[in-house]
Amino acid sequence: MNDPAAPAAPNRLPVVGHAPAFAREPFAALERWAEHGSVVRLEFPGERFYLVSDPEIVATVFRDGERRFTIADQQRRAFADVEDRAVSTAVGDRWRRLRGALRPAFTREAVERCAEGIVERTIARTETWTDGEEIDLHREMRLLTLEILAETLLDLDLRGDEDAVLAATDALVARSDPRRLGAALPEWMPTPTDRRFRRTVRDLESVVERALETPRGEGENARTVLLEAHEASELTDREVRDNLVALLLAGTDTSALALTYGWYLLSQRPAVRRSLVAAYDDHVGSGRPALGNFDGLEEVEHVVRETLRLYPPTWNTMRQSTESVVLGGHRLPEGAQFMLPQWVFHRDERFWEAPTAFRPARWADESDRPEYAYFPFGGRPRHCVGARFARLELRLALAAMVGRVDLDVSVPEPLSFVPTLSLRPAVELSATVRHR
Ligand code: HEM
């Protein structure tokens, strides 16, 4: 039987297709287009995407990953020349080998050993802020998550080199903006944005190489497990360096955005903020949050989950078919690129009551919604390797901040975003600090 092709979404213009509508209001456009079927076709100059809005199809795409679906060209191009030897873009046997080498650094025990360092770094950062000071919230959260990641999980001394990490992340974000003019050019024609990305990543590689020369502690962390795999001849020295670079690029801005949006949402809903502070005072009091006094503090967990629902730092996941496939009753060609946008699923009225409302309490009740109505960390087998670390980091860092400061975020409403690899705010978010 012939399965029909996926229908095109509305608002398509001759030649430029859906690009103008997407450029105008990317997130609202995707939400609207998703209403037109479980798989709809989006046309961009030189490129075609299939937008998926059925959680069952997401499950199939993730589950059959590697065999029938792989990293999409769009994602591979964003990292091209840089991370070919890193877990985030490798495919097949190389991906399995790299992912396996990293696994011991992300066990529960290894991640929980980072808890004290997470709290310590967070308190130290809050102490750099003076009462009444106005801070650039996103930048401060980036510095915080970078210090946490470098000092705990990666065990690398990057003090003084923070700007190299921020510059490479900014360049990656700029390069992955599908609306930029150069995005439609062939890969062999590098644009100034591409050159900036390569230059900043080379700088970051040198920073990591220098940091690796300084001896550090023992115990299982990303640095020691990668170096052990190198000694066992399972990884080359470039793979060690490139995977540390990849962890820095994947693991700082994502967590920083979650903390930024968490504070933004708490500022919008003072009642939620007050009950969070009260719960903190009950559980932790004047001490520090730690694994022992923290587990009952469900309010923090709910705020984190709800923030990742409304503003998922990775707002879209891409995959590409390696063969012709039938999904949602539609025949799709080999090489089809799929968008599985967390943003759309996390705000779908079929799965969420009042989807645009910030209601951390909704997480107090179990719900029978489908598994992929909510997937801020992607899906197995290629889900976020840092998810366990990120969840602990977000809970502990948010709690440690709530115990010490109040951040009042001011932003010209409504908040808008840039549709790059991560969900960046389109405007600077500044926050006024009040020490408690
Ligand atoms: C709130 C924080 C975070 C979010 C929302 C997030 C989200 C994600 C998502 C959705 C993916 C899957 C991408 C795909 O399927 O194409 C992913 C992959 C990945 N993440 Fe995270 N992440 C976060 C924090 C971190 C941290 C802290 C680290 C490192 C310590 C990290 C390292 C990685 C790596 C290396 C991959 C690629 C894994 C692979 O391809 O096997 N992430 N992340």
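Scan region 342-361 and tell me whether some residue there is within 30 Å of Leu244 (Cβ to Cβ) and within 11 Å of the ligand (Cβ to nearest atom).
yes
Would you be able to say whether some residue in region 7-21 is touching a residue at least 60 places away in the same chain (Cβ under 8 Å) and open to solvent by less than 20 Å² (accessible area, probe 1.4 Å)?
No: region 7-21 contains no residue that is touching a residue at least 60 places away in the same chain (Cβ under 8 Å) and open to solvent by less than 20 Å² (accessible area, probe 1.4 Å).
Which of the helices (runs of 4 or more DSSP H) found entirely inside region 237-293 contain at least 3 residues meeting this: more than 16 Å from the ligand (Cβ to nearest atom) and over 24 Å from the mean Cα position of the chain (by Cα)? Talk me through it step by step, then tell me what you get.
On the way: elements: 237-251, 253-268, 270-283.
Helices (runs of 4 or more DSSP H) meeting the threshold: 270-283.
Looking only at region 365-411, count every residue that is more than 11 Å from the ligand (Cβ to nearest atom) and either of a type in the set (Ser, Thr, Tyr) or closer than 26 Å to Ala59 by Cβ (or both) and tell me the total.
Qualifying residue count for the region: 11.
Would you point out which residue out of Thr126, Thr130 is at pLDDT 95 or above, open to solvent by 10 Å² or more (accessible area, probe 1.4 Å) and hydroxyl-bearing (Ser, Thr, Tyr)? Walk me through it before giving the result.
Details: Thr126 fails: open to solvent by 10 Å² or more (accessible area, probe 1.4 Å).
Of Thr126, Thr130, the one residue that is at pLDDT 95 or above, open to solvent by 10 Å² or more (accessible area, probe 1.4 Å) and hydroxyl-bearing (Ser, Thr, Tyr) is Thr130.
Go through region 374-393 and report how many residues are surrounded by fewer than 18 Cβ atoms within 10 Å (Cβ to Cβ) and aliphatic (A, V, I, L, M). Walk me through it before giving the result.
Restricting attention to region 374-393, the residues satisfying the condition of being surrounded by fewer than 18 Cβ atoms within 10 Å (Cβ to Cβ) are 380-381, 383, 387-388.
This time we only want the ones that are aliphatic (A, V, I, L, M), so: 387.
Final tally of qualifying residues: 1.
Could you check, for region 40-48, whether at least one of its residues is surrounded by 18 or more Cβ atoms within 10 Å (Cβ to Cβ), under 30 Å from Glu239 (Cβ atoms) and not assigned by TED's automatic domain parsing to the domain that holds His383?
no
Out of the residues in region 252-268 meeting the condition of being within 19 Å of Arg359 (Cα to Cα) and among the polar types (S, T, N, Q), tell me which one is least open to solvent (accessible area, probe 1.4 Å).
Thr260
How about region 319-344: which of its residues are touching a helix residue (DSSP H, G or I) at 6+ places or on another chain (Cβ under 7 Å), assigned to a loop (DSSP other than H, G, I, E, B) and either at pLDDT below 95 or open to solvent by 30 Å² or more (accessible area, probe 1.4 Å) (or both)? Before the answer, list the steps.
Restricting attention to region 319-344, the residues satisfying the condition of being touching a helix residue (DSSP H, G or I) at 6+ places or on another chain (Cβ under 7 Å) are 319-320, 327-328, 337-338, 340-341, 343-344.
Retained after the next criterion (residues that are assigned to a loop (DSSP other than H, G, I, E, B)): 328, 341.
Matches in region 319-344: Gly328 only.
The values are calculated or read from the model by the stated rules, or taken from the named source; none is laboratory data. This structure is a prediction, so every number in the text was calculated from the model and none was measured. Positions of Cβ are generated from backbone atoms using ideal geometry, with glycine treated the same way; all protein chains shown enter the neighbour counts. The accessibility values were calculated without ligands, DNA or RNA, using every heavy atom of the protein model including side chains. Shrake-Rupley method; radii C 1.70, N 1.55, O 1.52, S 1.80 Å.
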